[in-house]
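Heads up: the structure comes next, in structure tokens.
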Amino acid sequence: MGLFDKLKQEFIDIIEWQDASTDTIVWRFPRYQNEIKMGAKLTVRESQVAVFLNEGKLADVYQPGMYTLETQNMPIMSTLRGWKYGFNSPFKADVYFVNTKQFIDQKWGTKNPITLSDDRFGMIELRAFGSFAFKITDAGTFLKEVSGTEGEYTTDEVTGQLKSLIVTKFTDAVGQGNLPIEKFAGNLEEISKLGIEKLNTEFVSYGITMTKFIVENISMPEELKKEIFEYSRLNKVDLNKLAQMKAAKSIEVVAANQGTTGMGMGLGMGVGMGNMMGNMMGNALMGNQQQQQQQAPVNMPPPMPQAVQYFVAVNGQQSGPFNEQQLMQMAQGGQLSRETLIWKNGMAGWLAAGQVNEVSGIFGSVPPPMPPPM
């Protein structure tokens, strides 16, 4: 190798990047120990940006185009090098090409469930996954904050950092979205919009812009799904009709067992269960009824007083509650006597039915026991 050939190899006169890959974000021009000569040609293709570093410091940045490297188009490098009157000798600099195209169809997902607090369902765990696209909008900032001085930087390396940030910001977006948990599945587009807004406020500091963010699925535990379905049904159902239906079903069950021992007591308890169900459903509506009564005109009559409910001791077990009409039916059927212990709200303890003034009168209408057959 002659001296001329050796000198020719030491000077670089063409700087370019013919990118054949689909996942390379940053590529360093292989200068090694060679120097860039004055008047060298720099070619920056579409979807590329060329960044010059002088001794590790960010210098000039070049957008797509063809450049002849001179002091006129290298203002920062000229200042760093002290080229007040131009330069005639070769110089050393690191040249990085940054790919500014969109990198699409990048996948993200929650490795572990994210925990949220809901006013109705308490602490809940969700999983989510989807896709995103991004591009480099500030090549200098990206080099300083993310890729550093690596010779080649790919999407596999950057998405590892991005995915952790995506999950964090997605959790914030869901928490601040004020969407009921049961509406997550039907509002994935709205959640996606909230997510991309949150992400771009953070990514700008890395020189990255999120161009697309899609939430494809949000999943939750099966038991939580069942709770949500039950909650949605309860909001749609007429509680009065539900109480009537439950009471009717309980009476049908008792009627099917009329031939068994203790038929009368079973009927009484079935009716009592129906009343209890009605009372429970009625209490659920009481709040709305009281609010309507407060808004009603002054000349409206007050609500009807509720019937007194009694509990009855049967074979050492508490049953009921029953109203006076039901107690009379039980007395006529032989399931209630004067000695049967009963109790109602306000009584200090259990008393024999014959000692309770409001109940003792029903025994006057009950015929005495039949005499034994002759």
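Taking segment 94-127 and a reference point 7 angstrom along Cα→Cβ of E202, the backbone N atoms nearer than 18 Å belong to 106-117, 126-127.
Under a 5 Å amide H cut-off, with hydrogens placed 1.01 Å from N, Q48 pairs with T100 among residues at least 5 apart or on other chains. Once the Cα-Cα distance is subtracted from the 0.36 nm per residue extended length, the S21 to E189 segment shows a gain of 57.3 nm.
Kindly flag which residue pairs out of K144/K212; K101/K163; K111/K198; K101/K183; K41/K212 have an alpha-carbon separation exceeding 27 Å in this structure. Walk me through the intermediate numbers first.
Numbers: K144/K212 24 Å; K101/K163 19 Å; K111/K198 20 Å; K101/K183 35 Å; K41/K212 36 Å.
Result: K101/K183; K41/K212 exceed 27 Å.
Rule-based calculations on the coordinates, nothing more; no lab input. As the structure is a computational prediction, the values presented were derived from the model and not from experiment. FYI the Cβ positions are ideal-geometry reconstructions off the backbone, even for glycines, and counts take in every protein chain you see.
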